[in-house]
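In what follows, a single structure is set out as structure tokens and then discussed.
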Amino acid sequence: MRVRAAIFDLYETLITEFSDGKRIFRRQQDDPDRLGLSQDEFKREWRARQERRMNGSFPTFHAVIRDILEQRSLSYPHEHVEQLYRARVEEKGLPFQSIRSDILEMLDLLKKRGIKLGLISNCTEEEVIHFGRSPLASCFDEVIFSYEVGMAKPQKEIYLMACERLGVTPEESIFVGDGGSDELRGARDAGLQPYHAYWFNTYIESGFRKLHAPLEVRDILGL
């Protein structure tokens, strides 16, 4: 069956937060201290809310922090929380400033060849504030942010929603992602053909076909 749509992951597929194996944003190690928590305590609390952050149960960064502090019987320091929020928005905006040219070339080529383009990102509000001002925004026919739709990869329904919005069947669609959140299995279970984006993140292993460069998407579609 002819492929009519290509659906992509965002972080570590189209943009990356790393350079030479290190984060491009240098986090302040004392940031959680402002909340009355150690680094390790904050990480545990943050990760424990991963699923609820992604599916929109916590609609904002501030709601997550408020829940952490309430559960720990800590006060809510408005100024410090706002500083943390601004730092996180800055951090998540940096990858949008240096999008690789071959990624934009690949997306442009697919679009010119009549392939419908979709995006599915497991994300929270502050992580994609800069998306709309990036060159990526105009590339896609449909964009799905998990926190907005109340579901996240690898839930089958989020892939089916993307296909429905694009007006294609899962069998007519491919999904390209770095493999985080078990997204490749989720795509397969939803009926799409998954491909493992292996140009940024090479730490996740999978049994799916690896693509070592963005323009290999063109090759697998025979364009």
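The values are calculated or read from the model by the stated rules, or taken from the named source; none is laboratory data. Note that the structure is a prediction, hence the values are computed from the model and not measured. So basically every Cβ, Gly included, is an ideal-geometry build from the backbone, and we count neighbours across all protein chains shown. Surface areas here come from the heavy atoms of the whole protein model, side chains and all, with no ligands, DNA or RNA. Shrake-Rupley method; radii C 1.70, N 1.55, O 1.52, S 1.80 Å.
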Taking the Cα centre of the chain as origin, sum charge times position over the Cβ atoms of Lys and Arg (+1) and Asp and Glu (-1), and report the length of that vector in debye to the nearest 20. 380 debye
With angles folded into 0 to 90 degrees, how steeply does helix 78-93 sit against the dominant principal axis of the chain? Use alpha carbons for both and round to 10. 20 degrees
How much of the calculated P(r) for region 174-216 lies past 15 Å, in percent of all Cα pairs? 30 percent
Cα gyration tensor shape of region 107-223, rounded if a/c is under 1.5, else prolate or oblate by comparing a/b with b/c: rounded
Accessible area per residue of region 82-170 at 1.4 Å probe, in Å²? 44 Å²
Report the one residue of L74, H62, T124 whose Cα lies farthest in the direction of the positive end of the charge dipole of the chain (charges on C-beta: Lys and Arg +1, Asp and Glu -1; origin at the Cα centre). T124
Candidate lysines - alpha carbon under 22 Å from K92, same-chain residues fewer than 8 apart omitted: K22, K43, K153
Does anyone have the angle between helix 61-71 and the longest principal axis of the chain? Alpha-carbon axes, 0 to 90°, nearest 10? 50 degrees
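Given a 1.4 Å probe and every protein chain left where it sits, what share in percent of the accessible area of the chain is carbon and sulfur?
45 percent
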Distant-in-sequence amide H partners of K116 (H built 1.01 Å from N, under 5 Å): A5, A6
Charges on Cβ only, +1 for Lys and Arg, -1 for Asp and Glu, centred on the Cα centroid of region 13-162; of G114, I15, Q97, which one is farthest towards the dipole's positive end? G114
Filter the trypsin sites (Lys or Arg not before Pro) in region 104-199 to those in DSSP coil with at most 15 other Cβ atoms within 10 Å of their Cβ, and list the result. R113
Between S38, S134, S146, find the one with the highest GNM mean-square fluctuation for the chain; connect C-alpha pairs within less than 10 Å. S38
By the gyration tensor of its Cα atoms, with a ≥ b ≥ c the square roots of the eigenvalues, what is the shape of region 24-108: rounded for a/c under 1.5, prolate for a/b over b/c, or oblate? prolate
Angle between the chain longest axis and helix 39-48 axis [Cα atoms, degrees, rounded to 10]: 50 degrees
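Can you pull out the chymotrypsin sites (Phe, Trp or Tyr not before Pro) in region 9-84 whose DSSP state is coil and whose Cβ has at most 16 other Cβ atoms within 10 Å?
F25
To one decimal place, what Kirkwood hydrodynamic radius in Å is obtained for region 30-178 from all pairs of distinct Cα atoms?
Hydrodynamic radius (Kirkwood, Cα only) of region 30-178 equals 17.3 Å.
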Restricting to DSSP H runs of at least four residues, report the calculated mean residue ellipticity at 222 nm for the chain, -39500 (n - 2.57) per run over all residues, nearest 500 deg cm²/dmol. -10500 deg cm²/dmol
Which listed residue (Y85, G36, S146) has the Cα farthest towards the positive end of the charge dipole for the chain, taking +1 on Lys and Arg C-beta and -1 on Asp and Glu C-beta about the Cα centre? S146
Let a ≥ b ≥ c be the square roots of the eigenvalues of the Cα gyration tensor of region 90-146; is it rounded (a/c under 1.5), or, if not, prolate (a/b larger than b/c) or oblate? oblate
When the Karplus curve 6.51 cos²θ - 1.76 cosθ + 1.60 is applied with θ = phi - 60°, which whole-Hz ³J(HN,Hα) does each residue of region 162-178 get, with x for Gly and Pro? 4, 5, 4, 5, 7, x, 10, 8, x, 5, 8, 10, 10, 10, 10, x, 7
Given a Förster radius of 41 Å and the C-beta distance between M1 and T202 as r, what FRET efficiency does 1/(1 + (r/R0)^6) yield to the nearest 0.05? 0.85
